[in-house]
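The values are calculated or read from the model by the stated rules, or taken from the named source; none is laboratory data. Note that the structure is predicted; figures quoted are calculated from it, not measured. Cβ placement follows ideal geometry from the backbone for every residue including glycine, while neighbour counts extend to all protein chains displayed.
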Amino acid sequence: MIDANVLKVKNRVTQACIEADCNPADITIVAVSKGRTAQEIEQVTAAGLTDIGENKVQEALSKHEEIKSAHIKWHMVGHLQTNKVRDAVRIFDLIHSVDSLHLAEEINKQSEKINKVQNILLEIKTSLEVTKFGLRPEEAFDIVKELSGFGNIKVLGLMTIAPAVDNPEDARSYFKQLKQLRDELNKSNMQNPGFDVLSMGMTDDFEIAVQEGANMLRIGRAIFEG
Ligand SMILES: *Cc1c(COP(=O)(O)O)cnc(C)c1O
């Protein structure tokens with residue numbers, strides 16, 4: 001079932017991409033596997049996806065240990081507490097949820113200890129009421145500038161969680177906002193090439209996200225439940 005789901009999701013991404021005039025190869029599908037087993041993750045990777053997302057460090061550690069595959073890229077998509085950073089930098093290829101300078105400082109410090117440059121995204125609160133975590137869009141400029149001086153962090157782009165809406169169309173404005181912010185940051189931040197990741201879009205709204213320029217989708221239910 002999971003392999004059929006993966007195929008369906010890939011086809012939907014391709015279709016959305018054709019309509020939006022983008023290249024499906026430029027879009028990374030992150031299978032968000034919180035609450036799923038290591039066996040289920042292995043079915044996803046057997047179906048050809050290589051990017052796995054978790055939202056709790058502890059759960060990710062034990063699956064990482066159980067699966068031991070060098071081919072998987074692990075993504076941290078949930079809120080990260082400072083006291084979990086030491087473990088997080090050991091296993092995650094990309095941390096999507098950096099929402100404060102304090103957290104970034106800790107990631108830099110712990111990454112330095114293991115000689116790693118940790119790839120991160122800044123989590124942006126595009127809807128003020130709904131999501132609990134994330135930087136306000138206007139805070140992003142200062143933090144990007146600050147982080148450019150950190151030797152063990154590389155900021156690859158932005159992430160947002162759109163509020164749950166009945167009609168996916170209603171999520172569009174949040175995605176537009178995130179893309180606009182990335183483009184503005186790129187203009188003001190010429191010294192950092194490669195700042196282009198837009199992690200946005202989930203099961204209920206990923207096609208809209210693709211239309212608005214997403215290049216990283218975080219998809220759980222459509223892959224594991226169909
Ligand atoms: C669970 C989760 C997802 C995936 O959600 P689905 O609606 O199941 O696709 C994406 N991003 C984050 C941060 C999540 O916690």
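Brief remarks follow.
- Where a residue in the range 203-226 is under 16 Å from Asp51 (Cβ atoms) and of a type in the set (Lys, Arg) and its partner, wherever it lies, is within 8 Å of the ligand (Cβ to nearest atom) and not in a strand (DSSP E or B), with Cβ under 8 Å and at least six apart: Arg218/Val77; Arg218/Met202
- Residue in the range 48-58 that is farthest from Lys8 (Cα to Cα), counting only those that are within 16 Å of the ligand (Cβ to nearest atom) and surrounded by fewer than 20 Cβ atoms within 10 Å (Cβ to Cβ): Gln58
- Some residue of the range 187-198 being within 16 Å of the ligand (Cβ to nearest atom) and modelled with pLDDT of 95 or more: yes
- Hey, Lys132 in a loop (DSSP other than H, G, I, E, B) and of a type in the set (D, E, K, R) or not: yes
- Residues of the range 16-36 satisfying the condition of being polar (S, T, N, Q), touching a residue at least 12 places away in the same chain (Cβ under 8 Å) and surrounded by fewer than 20 Cβ atoms within 10 Å (Cβ to Cβ): Thr28
- Thr126 being buried (at least 18 other Cβ atoms within 10 Å of the Cβ), in contact with a Ser or Thr (Cβ under 6 Å, 6 or more places away or on another chain) and at pLDDT below 95: yes
- Contacts under 7 angstrom Cβ, first residue in the range 76-100 being touching a residue at least 12 places away in the same chain (Cβ under 8 Å), partner among the polar types (S, T, N, Q) and assigned to a helix (DSSP H, G or I), 6 or more apart: Val85/Gln110; Arg86/Gln110; Val89/Gln110; Val89/Ser111
- Members of the range 63-86 found to be modelled with pLDDT of 95 or more, surrounded by fewer than 16 Cβ atoms within 10 Å (Cβ to Cβ) and away from the ligand (no atom under 16 Å from the Cβ), listed by number: Glu65, Glu66, Thr82, Asn83
- Condition broken by Asn186, with the remaining ones in (1) surrounded by 18 or more Cβ atoms within 10 Å (Cβ to Cβ); (2) touching a Phe, Trp or Tyr at 6+ places or on another chain (Cβ under 7 Å); (3) not basic (Lys, Arg) satisfied: (1)
- Looking only at the range 192-214, and only at residues there that are surrounded by fewer than 20 Cβ atoms within 10 Å (Cβ to Cβ) and within 15 Å of Ala20 (Cα to Cα), the one that is nearest to the chain's Cα centre (by Cα): Gly213
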